[in-house]
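Working notes, beginning with the structure itself.
The values are calculated or read from the model by the stated rules, or taken from the named source; none is laboratory data. Note that the coordinates shown come from a computational prediction; the quantities given were computed from them, not determined experimentally. Cβ sites come from the backbone with ideal geometry, for glycine too, and all protein chains shown count toward neighbours.
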Amino acid sequence: MSMSSHTPNASAKGSRFADVHSTGAGGSGRWSTKRIAVYALFVALTMVLSFLSFPIFPLAPWLKYDPSGIVVLVCGFAFGPSAAAIISILGFLPHLFTNPFGALISMIVALALSVPAALVYRKMHSRKGALVGIIVGALLAVIAAIVCNVIITPFYAHMSMAKVVAMIVPILLPFNLMKFVIHGVVTFLIYKPISTLINK
């Protein structure tokens with residue numbers, strides 16, 4: 001971001017941008033103790049919620065919903081796309097030891113959801129921007145989830161790619177739409193007070 005302009009408006013804009021998205025201490029580029037602690041809290045919360053899964057789609061009870069995506073979205077809105085990427089990866093690390101393929105899918109989908117949403121919100125820092133970001137992120141996450149299932153699932157679920165493709169319209173698409181609608185609605189309702197609180 002260029003700082004060559006010295007007009008009051010540019011300075012105010014730059015200050016607001018630093019306040020909302022900076023990971024440094026006093027703009028120096030160093031990570032503050034508070035910021036590291038908050039990131040660690042988001043990672044821990046993502047980890048915990050990723051294990052709290054339950055079925056939401058009766059036609060496919062083996063597909064489970066977990067609220068971890070809400071955490072990565074809120075983090076992206078509060079601290080920007082880089083933070084969203086960090087939480088999206090670190091938050092699912094424990095699953096690599098029990099379900100590596102599932103963990104990989106979760107990381108890719110979380111990145112597709114949170115990073116574009118955070119980028120949109122950084123450009124449109126308003127309720128409208130948050131809504132647009134959530135919609136964009138959700139659509140990209142649905143695509144990522146379906147593509148990952150088609151490519152990765154056959155490696156560990158003893159299913160052919162053709163069988164997975166046949167599940168897209170009746171199962172994978174509606175399940176993922178339901179999942180990201182829940183993520184989006186909850187995030188839209190809670191992101192502002194949480195962002196305000198943690199950026200004090």
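The table below lists the values:
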item: Residue that is surrounded by fewer than 16 Cβ atoms within 10 Å (Cβ to Cβ) and in contact (Cβ under 8 Å) with a residue 40 or more places away in the chain, where the choices are Val147, Val181; result: Val181
item: Selection status of Ile171, loosely packed, with under 15 Cβ neighbours inside 10 Å and assigned to a helix (DSSP H, G or I); result: no
item: The listed residue being crowded, with 24+ Cβ neighbours inside 10 Å and either touching a helix residue (DSSP H, G or I) at 6+ places or on another chain (Cβ under 7 Å) or touching a residue at least 40 places away in the same chain (Cβ under 8 Å) (or both), out of Val71, Val115; result: Val71
item: Scope segment 94-111; condition touching a Gly at 6+ places or on another chain (Cβ under 7 Å) and crowded, with 21+ Cβ neighbours inside 10 Å; matching residues; result: Ala110
item: Inter-residue pairs, beta-carbon under 6 Å, first surrounded by 10 or more Cβ atoms within 10 Å (Cβ to Cβ) and in segment 53-64, second of a type in the set (S, T, N, Q), 6+ apart; result: Lys64/Ser53
item: Residue list for segment 24-42, restricted to those being among the hydroxyl-bearing types (Ser, Thr, Tyr), at pLDDT 85 or above and surrounded by fewer than 11 Cβ atoms within 10 Å (Cβ to Cβ); result: Thr33
item: Restricting segment 118-130 to residues that are under 14 Å from the mean Cα position of the chain (by Cα) and touching a residue at least 40 places away in the same chain (Cβ under 8 Å), the residue that is farthest from Ala85 (Cα to Cα); result: Ala130
item: Search result, residues across segment 119-130 that are surrounded by fewer than 16 Cβ atoms within 10 Å (Cβ to Cβ) and in a helix (DSSP H, G or I); result: Lys123, Arg127, Lys128
item: Any pair with Cβ under 6 angstrom, 6 or more apart, that starts in segment 36-51 at a residue that is among the β-branched types (Val, Ile, Thr) and ends at one that is modelled with pLDDT of 95 or more; result: Val43/Ile87; Val43/Leu90; Val43/Gly91; Thr46/Ser68; Thr46/Val71; Thr46/Ile87; Thr46/Gly91
